[in-house]
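Below is one structure, written out as structure tokens; comments come after it.
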Amino acid sequence: MNASQWISAVFSPTGGCEKIAAAITQGMAVRKVDLCAPIATESVQVPLLAVVPVYGGRVPEIALERLRALKGNGGPAIAVVVYGNRAYEDALLELHTELTANGFKVVAAAAFIAEHSIVRTIAAGRPHAADCEQAAQFGRAVADKLATGEMSTVCVPGNMPYRERPQMPVTPLTLESCRGCGRCARLCPVGAIPASAPHTTDASKCILCMRCVAVCFRRSRLLPPPMLEGMTQRLNMVASEPKLPEIFI
């Protein structure tokens, strides 16, 4: 097995996970799989890097659902979660367990930090250069492990049963500056924005990933200010101290 040839499967609505995945696979031959869109079922014959965000201490259900299309057949996987400097709680264990159930051997895992997708002042600018260098070192260490034929699996923190998934308290608002271009509808990972009415959001589908806010050229989407202010206050109390990446090889 050539450990320099990987599949990188990433769910990255606002770009943080994609930056970490790119750093981990720096200099490698990689085929990218975008988990923000439906993917075809396939049997994976090379190492799989799975990088997903943490929402309320869990992995987004839609990311897990799409990852299940990638069948492991006993091959190696690298489980990586990316969180907004609060805590990753059960997310890494959840990803590890899902990959194992889908036929992979999880030979390495990690938790990295990225700018919070909702409160952008939390972990602003991360992953920064030091984060990316640590991610690159992690990628090289995993490649070295695989090059020796070593397939021992790793244990990661977390609890079972997992913590309950948080309920989405609100959906983004659309301002009058919206011109109905439909970009947010096309790029929404869960189809929560109707193409015929892109100024609306289906609250039963929205996972508050903030992609619609991030991709709007006119900045016509945003969270209700009172909700954002309240979340900012809460996170400033529990997530202001910079966290460090955690590595398991």
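The values are calculated or read from the model by the stated rules, or taken from the named source; none is laboratory data. Note that the structure is predicted; figures quoted are calculated from it, not measured. All Cβ positions, even for glycine, are placed from backbone atoms using ideal geometry, and neighbour counts span all protein chains on display.
The condition (being crowded, with 22+ Cβ neighbours inside 10 Å and closer than 17 Å to Tyr162 by Cα) is satisfied by just one residue among Ala123, Ala91: Ala91.
Please verify whether the stretch 170-183 includes one or more residues that are under 18 Å from Arg58 (Cα atoms), touching a helix residue (DSSP H, G or I) at 6+ places or on another chain (Cβ under 8 Å) and surrounded by 13 or more Cβ atoms within 10 Å (Cβ to Cβ).
Here is the first cut: in the stretch 170-183, the residues under 18 Å from Arg58 (Cα atoms) are none.
No, because not a single residue in the stretch 170-183 is under 18 Å from Arg58 (Cα atoms), touching a helix residue (DSSP H, G or I) at 6+ places or on another chain (Cβ under 8 Å) and surrounded by 13 or more Cβ atoms within 10 Å (Cβ to Cβ).
For the stretch 77-97, check the following and say yes or no: at least one residue is outside the structural domain of Leu187 (by TED's automatic domain parsing), over 14 Å from Cys209 (Cβ atoms) and in contact with a Ser or Thr (Cβ under 7 Å, 6 or more places away or on another chain). Checked the stretch 77-97: no residue is outside the structural domain of Leu187 (by TED's automatic domain parsing), over 14 Å from Cys209 (Cβ atoms) and in contact with a Ser or Thr (Cβ under 7 Å, 6 or more places away or on another chain). With the structure loaded, tell me whether Gly56 is touching a residue at least 60 places away in the same chain (Cβ under 8 Å) and at positive phi or whether it fails that test. Against the criterion (touching a residue at least 60 places away in the same chain (Cβ under 8 Å) and at positive phi), Gly56 qualifies.
Within the option set Gly103, Gly139, Gly158, being over 23 Å from Arg58 (Cβ atoms), at pLDDT 95 or above and of a type outside the set (Ser, Thr, Tyr) holds for one residue only, Gly139.
Suppose the filter is hydroxyl-bearing (Ser, Thr, Tyr) and buried (at least 17 other Cβ atoms within 10 Å of the Cβ); does Thr200 pass it?
no
Out of the residues in the stretch 209-232 that are among the aliphatic types (A, V, I, L, M) and touching a Ser or Thr at 6+ places or on another chain (Cβ under 7 Å), which is surrounded by the fewest Cβ atoms within 10 Å (Cβ to Cβ)?
Top of the filtered list is Ala214.
Of everything listed in (1) in contact with a helix residue (DSSP H, G or I) (Cβ under 6 Å, 6 or more places away or on another chain); (2) more than 20 Å from Thr14 (Cβ to Cβ), the single unmet condition for Gly230 is (1).
In this structure, does Leu235 turn out to be surrounded by 15 or more Cβ atoms within 10 Å (Cβ to Cβ), within 21 Å of the chain's Cα centre (by Cα) and of a type outside the set (S, T, N, Q)? Yes; evaluated as a whole, the condition is true for this residue. Could you tell me whether the stretch 68-77 includes any residue that is closer than 26 Å to Pro161 by Cβ, assigned to a helix (DSSP H, G or I), at pLDDT 95 or above and among the basic types (Lys, Arg)? So far as the stretch 68-77 goes, no, none of its residues is closer than 26 Å to Pro161 by Cβ, assigned to a helix (DSSP H, G or I), at pLDDT 95 or above and among the basic types (Lys, Arg). For the stretch 137-154, the criterion of being surrounded by fewer than 18 Cβ atoms within 10 Å (Cβ to Cβ), over 21 Å from Gly16 (Cβ atoms), in contact with a Lys or Arg (Cβ under 8 Å, 6 or more places away or on another chain) and not aliphatic (A, V, I, L, M) is met by at least one residue. Close Cβ contacts (under 9 Å, 6 or more residues apart or on different chains) running from residues in the stretch 129-152 that are under 11 Å from Pro76 (Cβ atoms) to residues that are hydroxyl-bearing (Ser, Thr, Tyr) and exposed (fewer than 13 other Cβ atoms within 10 Å of the Cβ) comprise Lys145/Ser152. If you go through the stretch 155-165 and keep only what is in contact (Cβ under 8 Å) with a residue 12 or more places away in the chain and more than 22 Å from Cys17 (Cβ to Cβ), you end up with Cys155, Asn159, Met160.
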